[in-house]
Every structure is written in structure tokens, then in C-alpha cells.
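For reference, the structure discussed in these notes is given below.
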Amino acid sequence: MRAVTWQGKRKVSVETVPDPGLQADTDAIIEVTSTAICGSDLHLYEVLGPFMDPGDIIGHEPMGRVVEAGSASGLAVGDRVVVPFTIACGRCWMCDRKLYSQCETTQVTGQGTGARLFGYSRLYGSVPGGQAEYLRVPHADFGAIRVGEDLPDHRYLFLSDILPTAWQGVRYAGVGEGDTLAVFGLGPVGQMAARIGVHLGARVFGIDPVPERRAMARRHGVEVHDLDSDTNDAIRDATQGRGPDGVVDAVGMEAHGSPVGKVAHTAVGLLPDAAARPLMQTAGIDRLGALHASIDLVRRGGTVSLSGVYGGQASPLPMLTLFDKQIQVRMGQANVKAWIDDLLPLVEDPADPLGVDDLITHRLPLESAPEAYEMFQKKTDGCVKVVLDPKESR
Ligand SMILES: NC(=O)c1ccc[n+]([C@@H]2O[C@H](COP(=O)([O-])OP(=O)(O)OC[C@H]3O[C@@H](n4cnc5c(N)ncnc54)[C@H](O)[C@@H]3O)[C@@H](O)[C@H]2O)c1
Ligand SMILES: [Zn+2]
Ligand SMILES: [Zn+2]
């Protein structure tokens with residue numbers, strides 16, 4: 001089959017690789033019909049290279065049709081399914097508490113990390129990912145989400161990651177009807193977090209340096225701001241001087257406007273992988289611009305919720321401000337299945353309350369992955385969200 005593979009920093013290629021096969025009776029094999037590129041893939045593309053191996057199949061936002069069903073998968077050939085990016089068993093101590101991204105059956109104990117993820121480096125189990133013609137879905141009996149036949153792929157596709165990620169981000173921020181919410185970053189995750197805030201009845205402020213991403217958010221009722229030195233003051237002014245009740249950081253560790261972290265990222269990127277890995281695991285590597293701005297902006301006693309991924313072990317934090325302002329901080333990989341019952345009716349609603357019809361800017365053949373990654377990272381051609389189509393030839 002054809003699959004998108006990691007080859008090195010800022011280098012992916014589409015290669016012919018062996019087809020996947022069933023390995024356990026709870027597995028299923030799906031033929032992928034749509035598979036998105038995520039901001040998390042950009043971290044692999046840029047800074048997490050030391051944990052990747054050339055040839056790794058990447059991608060973790062797939063959907064498709066079952067072509068082989070393990071005897072205990074509970075699925076049948078022909079079922080249409082969306083696959084969550086977090087791989088969980090559904091029956092361990094953590095899964096009983098709906099902490100699926102901490103599943104004790106799939107935790108990568110050798111790395112000291114949580115549940116396995118599709119296509120996401122040695123840190124998360126080196127599981128072959130979903131930017132491919134076919135995908136083996138481990139624990140498909142619990143993970144795979146069966147969906148109906150009538151609606152197009154893009155209505156369901158984002159249940160794999162960005163919708164539950166954004167929903168968890170907003171829920172963890174603790175905001176609802178009549179509250180105020182700020183969202184840093186209006187990439188796909190931030191778009192959805194901001195819209196979910198609006199849907200739940202909050203007044204929502206969105207911050208991003210990219211004009212077309214701000215324009216998209218504005219179409220969905222978000223009050224948008226550029227990333228200027230006076231942005232936080234402007235949002236404080238709009239919230240009686242206090243700052244918003246909750247702030248979602250949908251940017252993560254590669255934020256713009258973080259000079260110290262950028263030097264560290266560049267330095268780590270220049271080392272051979274064997275030297276870079278321990279450094280990344282012990283020294284601070286994150287670019288903390290969005291996190292520090294979130295801590296500055298949130299009101300006293302409010303909550304900062306991190307959807308953006310962080311990966312440094314010694315990133316400096318303003319403990320005085322966090323403690324003095326009595327800030328709560330929540331974060332983590334999305335516990336995808338915990339939120340599907342809330343989200344499925346919204347994506348199937350003909351009124352499209354979260355605007356999933358207005359997110360994808362590019363649908364391209366799988367073979368175009370190298371250009372698509374570059375475009376998504378550089379944010380050229382108005383790119384907000386790319387979906388790759390394995391069935392369409394270039
Ligand atoms: N927690 C999870 O389970 C989970 C799941 C999916 C994605 N993520 C993470 O969410 C983050 C966003 O993902 P995405 O797909 O939207 O990616 P993206 O890279 O397209 O979006 C990031 C956005 O942040 C903006 N930005 C950069 N620096 C900023 C700053 N200082 N202030 C405000 N905006 C800034 C960029 O212009 C961009 O629009 C990534 O870190 C990704 O890894 C986490
Ligand atoms: Zn993702
Ligand atoms: Zn489990």
C-alpha cells in the first residue's frame with residue numbers, strides 16, 4: 001500500500017510499504033477514505049525528530065471502511081468507522097475513569113508515557129499511523145466509532161481528534177453559558193475550541209497572527225485579535241479589567257514570540273538524535289509564548305487549559321503569578337471516547353452548530369502529502385486544515 005512516511009526534519013515522503021494485517025482478535029483493518037494532517041504532525045515534522053525513525057508511517061486522524069474484522073472486534077466488513085488517535089482498551093482502571101489517554105493496557109511503559117497513539121513517535125509506541133491506504137486499528141472493539149452512511153466524511157472525520165480535543169479543552173477551562181473564554185491559536189484545534197465556547201454560550205476571544213484564520217473564526221461568532229503587545233490589555237478591558245474566566249492554549253510548544261525556546265529548539269535540532277533525545281527529556285525545550293500569555297491573561301481564580309502539546313521537561317514557569325493569581329491548570333491528550341456522546345449529535349445536526357462544513361481548506365491526494373505538509377506548516381494558500389484522500393490519484 002501507499003503511506004506517508006517520516007524521513008527526517010521537514011521531510012515526509014509517500015512510499016510503498018507492506019499492507020497491515022490482523023494481529024489480535026480485537027483488531028480491525030480499515031481502508032482509509034479520509035485522513036487529516038494535524039498540528040501535532042507538525043511537531044514530528046519539526047522538533048520531535050529525535051524520537052522518530054525514518055520510514056515511520058505518520059497520521060492519526062483517519063476514517064474509512066472495515067475490510068477485515070477480528071473475531072472479537074465487534075465490527076463487520078463494510079462498517080464505516082472513525083478512529084480516535086488515542087488507543088485505549090476500554091476496560092482498565094484508567095479507562096473505567098474515562099482517562100483513555102492514560103490507558104494502562106496501552107501505556108508505553110518503556111518511555112514512561114501514556115496511552116499509545118497512532119503515528120506518533122517512539123514516545124507513543126511507534127504505532128503505524130493513518131495517513132495510508134490501510135490502517136490496522138488495535139483495540140478496535142473499543143476504539144472504532146461506527147457512523148452512519150448518509151453524511152459526507154468531513155462531518156465525522158474530526159471526531160478522531162480535533163473535536164474531542166477542543167471539547168475537552170473548553171470543558172477543562174470550566175466555561176459555559178455567560179462566561180468569558182479566550183483561545184490562543186486559531187488553527188484547527190483553536191477554531192473548534194472557540195466555536196464550542198460560542199456554542200456553549202460563552203463570550204469568546206480568539207488570538208492568532210494569521211489573518212485568514214482570524215477571519216474564519218470571526219465567521220463563527222468569535223471576537224478576534226492579532227498577536228500584538230496590547231492584545232491582552234484589550235481583552236482585559238473587554239472583561240471588566242479582570243481577564244477571561246478560562247483560557248485555552250491551542251498553540252503548544254512551537255509558539256511564535258518565544259525567543260529563548262526558539263534557540264533551544266534550534267540547538268536541539270542540530271544535535272545527532274542520540275544526543276538530542278536525553279537533552280529533550282531533561283532540559284526545557286518548549287517555546288512558551290502562548291502559555292505565558294495565557295497565564296497573564298486569565299482572571300484571578302480562573303483556569304488555563306492546555307490543548308496545545310508541550311514536550312520539554314524543564315520549561316520555566318512563572319510560579320509566582322500562577323500561585324498568586326490562584327490559577328488552575330489542566331491539560332493532556334484528549335480522552336477522545338469520553339466526549340463522543342456529546343459531539344456525535346452536533347456533527348450530525350443539519351444546522352451544523354460547530355461549523356464543521358467550514359474548516360477544510362484543502363482536500364488533496366495522499367500522494368501530495370509532502371507539498372501539503374509544507375503548505376500547512378508555512379500557512380500558505382490560506383491553508384487551515386488539509387484532508388488527504390488515499391483513493392484519489394495525483
Ligand atoms: N491535546 C491533544 O489531544 C491535542 C490534539 C490535537 C492537537 N493538539 C495540539 O494542539 C495544537 C494546535 O493544533 P492545530 O492543529 O490547531 O495546529 P496549528 O499549528 O495549525 O495551529 C496553531 C496556531 O497557533 C498560532 N500561533 C502561534 N503562536 C501563537 C501565539 N504565540 N499566540 C497565538 N497564536 C499563535 C498559529 O498561527 C496557528 O494558527 C498543537 O500543539 C497540537 O499538537 C493537541
Ligand atoms: Zn491530531
Ligand atoms: Zn485501558
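Return the pairs, sorted by first residue and then second, in which the second residue is outside any loop (DSSP other than H, G, I, E, B) and among the aromatic types (Phe, Trp, Tyr), the first residue lies in segment 170-191 and is more than 16 Å from Phe158 (Cα to Cα), the beta carbons are less than 7 Å apart, and the residues are 6+ apart or on different chains.
Ala182/Phe205
Is segment 68-76 home to any residue that is among the aliphatic types (A, V, I, L, M) and in contact with a Leu (Cβ under 8 Å, 6 or more places away or on another chain)?
yes
Residues that are within 14 Å of ligand 1 (Cβ to nearest atom) and at pLDDT 95 or above, at least 2 per element: which helices (runs of 4 or more DSSP H) completely within segment 67-185 meet that?
In segment 67-185, the matching helices (runs of 4 or more DSSP H) lie at 162-173.
Could you list, in sequence order, all residues of segment 1-45 that are outside any strand (DSSP E or B) and charged (D, E, K, R)?
Those that are outside any strand (DSSP E or B) and charged (D, E, K, R): Lys9, Arg10, Asp19, Asp25, Asp27, Asp41.
Conditions (1) over 18 Å from the mean Cα position of the chain (by Cα); (2) farther than 30 Å from Met375 by Cα; (3) among the charged types (D, E, K, R); (4) buried (at least 22 other Cβ atoms within 10 Å of the Cβ), marked per residue:
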residue: Arg136; (1), (2), (3), (4): yes, no, yes, yes
residue: Val147; (1), (2), (3), (4): yes, yes, no, no
residue: Val170; (1), (2), (3), (4): no, no, no, yes
residue: Gly178; (1), (2), (3), (4): yes, yes, no, no
residue: Ile196; (1), (2), (3), (4): no, no, no, yes
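Select from segment 71-107 the residues that are surrounded by fewer than 22 Cβ atoms within 10 Å (Cβ to Cβ) and of a type in the set (Gly, Ala, Ser) and write down the one among them that is farthest from ligand 2 (Cβ to nearest atom).
That would be Ser71.
Restricting to segment 28-53, name every residue that is more than 10 Å from ligand 2 (Cβ to nearest atom) and among the charged types (D, E, K, R).
Glu31, Glu46, Asp53
Determine, yes or no, whether Ala132 is over 15 Å from the mean Cα position of the chain (by Cα), within 16 Å of ligand 3 (Cβ to nearest atom) and not polar (S, T, N, Q).
no
In segment 142-194, which residues are aliphatic (A, V, I, L, M), in the same structural domain as Asp341 (by TED's automatic domain parsing) and away from ligand 2 (no atom under 13 Å from the Cβ)?
Within segment 142-194, Ala144, Ile145, Val147, Leu151 qualify.
Could you please give the count of residues in segment 207-232 that are farther than 16 Å from Gly289 by Cα and outside any loop (DSSP other than H, G, I, E, B)?
Selection size over segment 207-232: 10.
Condition (residue is touching a Leu at 6+ places or on another chain (Cβ under 8 Å) and among the acidic types (Asp, Glu)) applied to segment 156-164: is it met by at least one residue?
Checked against the condition, which is being touching a Leu at 6+ places or on another chain (Cβ under 8 Å) and among the acidic types (Asp, Glu), segment 156-164 yields no hits at all.
The values are calculated or read from the model by the stated rules, or taken from the named source; none is laboratory data. This structure is a prediction, so every number in the text was calculated from the model and none was measured. Neighbour counts are summed over all protein chains in view; Cβ atoms, including those assigned to glycine, are modelled from backbone coordinates with ideal geometry.
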